[in-house]
1. For region 50-86: of the residues being within 15 Å of THR139 (Cα to Cα) and of a type in the set (S, T, N, Q), which is surrounded by the fewest Cβ atoms within 10 Å (Cβ to Cβ)?
2. For region 117-127, which residues satisfy the criterion of being surrounded by 12 or more Cβ atoms within 10 Å (Cβ to Cβ) and either of a type outside the set (S, T, N, Q) or outside the structural domain of LYS162 (by TED's automatic domain parsing) (or both)?
3. Go through region 222-241 and give me each residue that's farther than 16 Å from ASN252 by Cα and more than 14 Å from the chain's Cα centre (by Cα).
4. Return the residues of region 61-106 that are in contact with a strand residue (DSSP E or B) (Cβ under 8 Å, 6 or more places away or on another chain), among the charged types (D, E, K, R) and touching a residue at least 24 places away in the same chain (Cβ under 8 Å); say none if nothing qualifies.
5. Has region 174-182 got any residue that is within 22 Å of VAL63 (Cα to Cα), in contact (Cβ under 8 Å) with a residue 12 or more places away in the chain and of a type in the set (D, E, K, R)?
6. Is it the case, given these coordinates, that LYS195 is in the same structural domain as GLY137 (by TED's automatic domain parsing) and surrounded by fewer than 19 Cβ atoms within 10 Å (Cβ to Cβ)?
7. Between LEU27, LEU34, which is under 23 Å from ILE189 (Cβ atoms), outside any loop (DSSP other than H, G, I, E, B), at pLDDT below 95 and hydrophobic (A, V, I, L, M, F, W, C)?
Amino acid sequence: MRKYKKFILGGAIAFVIILGVVLAFLLRQPKFELVRTGKVIPHNEEVFTQGFFFDQDGKLYEVGGIFGESAVYADVSLITGNAKAKKKLDSDVFGEGATILNGKLYVLTAQERVIFTLDPNTLRILQELPNKRDGWGLTTDGKSLIASDGTSKIYFMDADLKDERSITVKRDGKKLNNINELEYIEGYIFANIWKTDEIVVVNPANGEVIQSFDFTDLYPKSERAKKSDVMNGIAYNKKTKKVYLTGKYWPNIYEFELKK
């Protein structure tokens, strides 16, 4: 009987220790809040939004897709929604995600397996580089290019597009496919799930989803114009700690305050 009691006691202690470790891990995971500020900015409804991001100086860039419509827009106004500069891409190019790393603007293409580099100030094309995979979302942590290809994978590449590593996005242990638009925010990857109004927060170390946001009510499908498509556009301004969301052919950009 004494041995049995010791066994029960030992099991209980082990359980408490394991529970403590799990709770400590969960408490270390940040919980983000995205709080609507009420600010709504006009968005160019002719842009099939693919890439959407701020540079380190707080200048907003956007890349539109669709063959014959693809273009790069620079210095998009947070008042009027108009861009100060535009670079049209060739008609056989379908523009995708974009970001700036080491002073170069990288623009993915959908299935052309090409990545363009541009001068972010003049939008002059500098290089046309081969890509191993389809291009969907693109962001950076300041050291690596971070890209998605529509699967559950997120790839980390150096500035020369050499693969460094990859992670598989999982929620509750199950692969999460259709990873699309990406934005690196405060040490985590915010990712939109294609064809949904959901954004998940991904741990870049292991691919685990630590949090998700449902933006179904942001621009309800019942209120969308016939041309308006899915959500696709997450831009984070590090200077102001504001996040901006939009979508393909959407009429508005919505401002949120990031809180942790």
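1. Taking the candidates together, the pick is GLN56.
2. Those that are surrounded by 12 or more Cβ atoms within 10 Å (Cβ to Cβ) and either of a type outside the set (S, T, N, Q) or outside the structural domain of LYS162 (by TED's automatic domain parsing) (or both): LEU118, ASP119, PRO120, LEU123, ILE125, LEU126.
3. Once the filter is applied, which keeps residues that are farther than 16 Å from ASN252 by Cα and more than 14 Å from the chain's Cα centre (by Cα), region 222-241 yields LYS238, LYS239, THR240, LYS241.
4. Correct list: GLU62, LYS86, LYS87, GLU96, LYS104.
5. Yes.
6. yes
7. Unique residue meeting the criteria: LEU27.
The values are calculated or read from the model by the stated rules, or taken from the named source; none is laboratory data. Being a predicted model, the structure only gives us computed values, none of them experimental. FYI the Cβ positions are ideal-geometry reconstructions off the backbone, even for glycines, and counts take in every protein chain you see.
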